[in-house]
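Working notes, beginning with the structure itself.
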Amino acid sequence: MKLLHDLNLAYCTNVHRGSSWEETFESLKNYVLKVRDLVCPKERFAIGLRLGADAAKSLSDPVNLLSFQKWLDKKNCYIFTINGFPYGNFHGTRVKEQVYRPDWTDPDRLSYTVLLFEILEKLLHNGEEGSVSTLPGSFKEFHQPEEIPSSVYENLLKCAQEIERIKKPKNLDLHLGLEPEPLGSFETTPETVSFFEKLNDFSNYSNLKNIIGVNYDCCHLAVEFESAHAGLDLLKDSDIRLSKLHLSSALRAKPTEQNKMLLRSFVENVYLHQVVVGQEGKIINRYKDLDIALDNKTERNMGDEWRVHFHVPLHASPNEPLKDTRKQVEDTIDWLAKNPNSCRHLEMETYTWEVLPPELQSESVVNQIAKEYEWTLQLFKEKGLY
């Protein structure tokens with residue numbers, strides 16, 4: 001949906017199952033339209049589309065794509081962004097660190113991302129803006145510390161050239177957003193800036209900064225104990241484009257025995273839930289997954305607060321004494337209100353619905369998403385953006 005300052009807001013459909021295009025389209029018909037009817041039945045409704053590789057190949061068929069275009073027009077919906085982070089299946093099976101495969105060292109990642117832009121180009125009108133979000137190069141575990149393979153930079157530059165080709169005929173503003181994530185090749189804002197400096201060193205491509213930018217996920221950067229204002233200011237001062245803002249909230253808790261017992265209900269076998277340990281706001285330790293942190297029997301490096309990469313609903317905080325990082329979202333929107341031309345693509349992304357503890361699943365996913373819209377739109381109203 002359209003907000004003030006030409007902002008676009010959607011929720012990411014990665015909350016719904018959809019490996020094939022048929023399954024993805026069923027989710028759009030069965031869930032997204034119901035959300036639309038609850039949120040803004042009379043307005044043109046934006047869809048934050050998630051397409052895996054198999055679904056993208058099927059949708060790229062001209063017959064399927066034309067049919068989808070007609071469906072969007074008929075239902076008064078539009079696409080402005082595609083989530084291209086998860087390449088394969090994202091629900092109902094073990095994902096964990098495999099969500100990073102294939103990474104940007106692999107030509108398959110490049111081909112898949114280019115295909116997403118080719119699809120997006122067909123769904124946009126002349127002169128419009130479109131974005132695709134993707135992983136932060138790779139996963140730190142997949143390469144030597146502080147040695148991101150050169151093939152990551154090379155493939156991203158090839159992707160930028162393909163995006164340039166795709167966008168020209170319709171004079172589109174297309175851009176790719178790399179998404180910093182805990183234990184990704186770059187996870188903090190300073191690491192992100194360093195990555196982009198190296199990317200720029202690989203090429204004298206003058207338009208690169210307009211085509212490749214950052215997908216700033218509030219959950220991820222809150223887990224890193226970052227200030228939204230300071231991090232976003234650093235990206236802006238470094239002349240790095242904000243491709244998209246992911247409005248999402250993480251778990252946080254003091255590492256007491258009671259809280260550790262409560263956190264056990266968030267341990268599950270599908271997604272990776274990285275834990276960053278802080279002491280007086282400074283990072284002192286990291287764990288690859290929540291169960292690893294909870295199984296650590298030593299008292300060393302336990303800190304005074306844990307931030308857990310587990311997306312929790314924006315409108316519903318976990319039960320006390322567990323807390324969330326909703327303030328990072330509020331601070332991000334506050335920053336956007338002061339810098340309204342810095343980013344026009346906004347997406348709510350609570351994809352963990354199926355694995356949330358029962359007390360956070362008290363309603364249907366449709367009602368939950370509608371309440372996330374209600375909470376988010378109220379925040380935009382308060383900040384003068386809606």
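Coordinate-derived values only; no laboratory data. Quick caveat, the model's predicted, so the values are computed rather than measured. Note that each Cβ is placed from the backbone with ideal geometry, even for glycine, and that neighbours are counted across all protein chains shown.
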(Q) Run the numbers for Glu154 and Thr256: contour at 0.36 nm per residue of separation, minus the present Cα-Cα distance, in nm. (A) 32.2 nm
Q | GNM top mover of Leu172, Leu272, Leu251 - the chain, alpha-carbon springs below 10 Å | A | Leu172
Q. How many angstrom separate the Cα center of the stretch 321-375 from the Cα center of the stretch 242-320?
A. 17
Q) Any idea what the relative contact order of the stretch 214-277 is, in percent, if you count C-alpha pairs under 8 Å spaced at least 6 apart? A) 42
Q) If the cut-off is 15 Å between C-alpha atoms, which aspartates and glutamates fall inside it for Lys338, apart from same-chain ones fewer than 8 positions away? A) Asp6, Asp233, Asp237, Glu330, Glu382
Q) Among bridges DSSP assigns within the chain, what percent are antiparallel (round to 5)? A) 35
Q.
Need the list of aspartates and glutamates near Lys260 for cross-linking: C-alpha distance under 18 angstrom, and skip anything on the same chain fewer than eight residues off.
A. Glu268, Asp289, Asp291, Asp295, Glu299, Asp304, Glu305, Glu320, Asp324, Glu359
Q) Using alpha carbon centroids, what distance separates the stretch 76-130 and the stretch 1-61, in Å? A) 13
Q) How would you order 258-271, 202-215, 3-16 from highest to lowest mean count of nearby Cβ atoms within 10 Å? A) 3-16, 202-215, 258-271
Q. What 222 nm value per residue comes from the helices of the chain, counting each DSSP H run with n ≥ 4 as -39,500 (n - 2.57) and dividing by all residues, nearest 500 deg cm²/dmol?
A. -11500 deg cm²/dmol
